[in-house]
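Heads up: the structure comes next, in structure tokens.
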Amino acid sequence: MTTRGGDRYDRTFREGFLKPGLGLENWVSRANYPAQGLIRTSPTEMSLYMNADYAQPTAHLRRFSLRLDGFASAHAGGEPGTWTTPPIVFAGDRLELNVATSAAGEVRVEVLDADGRPLPGFGLNDAIPVIGNDIAKVVRWTGGSDVSALRGRPVRLRFHMLDADLFAFRFGRGGAAGKSGTSAP
């Protein structure tokens with residue numbers, strides 16, 4: 001379940017996030033209960049500490065690490081896939097992706113108007129492929145990375161993906177990553 005505080009919970013992701021490990025000692029009451037909330041353990045990582053072997057002489061905590069915002073992703077495998085946002089309004093000057101691709105994978109981003117038409121300079125043919133594994137990879141088009149001319153108006157983003165995971169996106173401002181913006185998925 002997920003919540004943003006309060007008493008409203010969502011069960012969008014119905015499968016288990018962490019499954020008990022091998023051995024019956026991992027299938028007892030309170031197995032995989034978190035011992036603490038999520039803790040940021042580096043600029044690119046967060047950790048969960050879970051009970052293991054509860055109420056047994058071998059009881060201990062187990063640490064699991066995840067990339068920041070790595071709970072879920074829009075995923076495309078070996079066949080290309082696309083994903084388009086609803087109309088959004090942003091306040092930044094560059095688009096940053098939390099993304100991981102394989103060596104053969106990539107993500108290209110089109111910026112569309114609210115009706116779904118590519119904007120000049122931000123179409124698929126203008127998009128420079130994003131490759132690698134990064135939590136704040138700046139998206140570029142042939143004209144550069146600056147999207148400030150589109151600030152304040154409704155746009156859609158269309159992600160063209162091949163063997164890639166898109167964990168989140170945001171519109172940031174020049175300088176340090178993490179300033180301002182919209183994030184998803």
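Read-outs throughout are calculated quantities, based only on the coordinates presented, and are distinct from any laboratory measurement. Quick caveat, the model's predicted, so the values are computed rather than measured. When we count neighbours, we look across all protein chains shown, and the Cβ atoms used for this are built from the backbone with ideal geometry, even at glycine.
Mean-square fluctuations from a GNM of the chain, with a 10 angstrom spring cutoff on Cα atoms, peak among Leu166, Leu95, Leu48 at Leu48. How big is D, in µm² s⁻¹, for segment 74-172 by Stokes-Einstein at 10 °C and 1.306 mPa s if Rh is the Kirkwood radius over C-alpha pairs? It comes out at roughly 120 µm²/s.
Among Glu25, Glu45, Glu106, the largest mean-square fluctuation in a Gaussian network model of the chain (Cα springs under 10 Å) belongs to Glu25. Close amide H pairs (under 5 Å, H built 1.01 Å from N) link Arg94 with Val147, Gly172, residues at least 5 positions away or on another chain.
Put simply, when 73-86, 55-68, 149-162, 8-21 are sorted by average Cβ atoms within 10 angstrom per residue, most first, you get 149-162, 73-86, 55-68, 8-21. Normalised by the number of residues in segment 54-185, the mean separation of alpha-carbon contacts (under 8 Å, six or more apart) gives a relative contact order of 38 percent.
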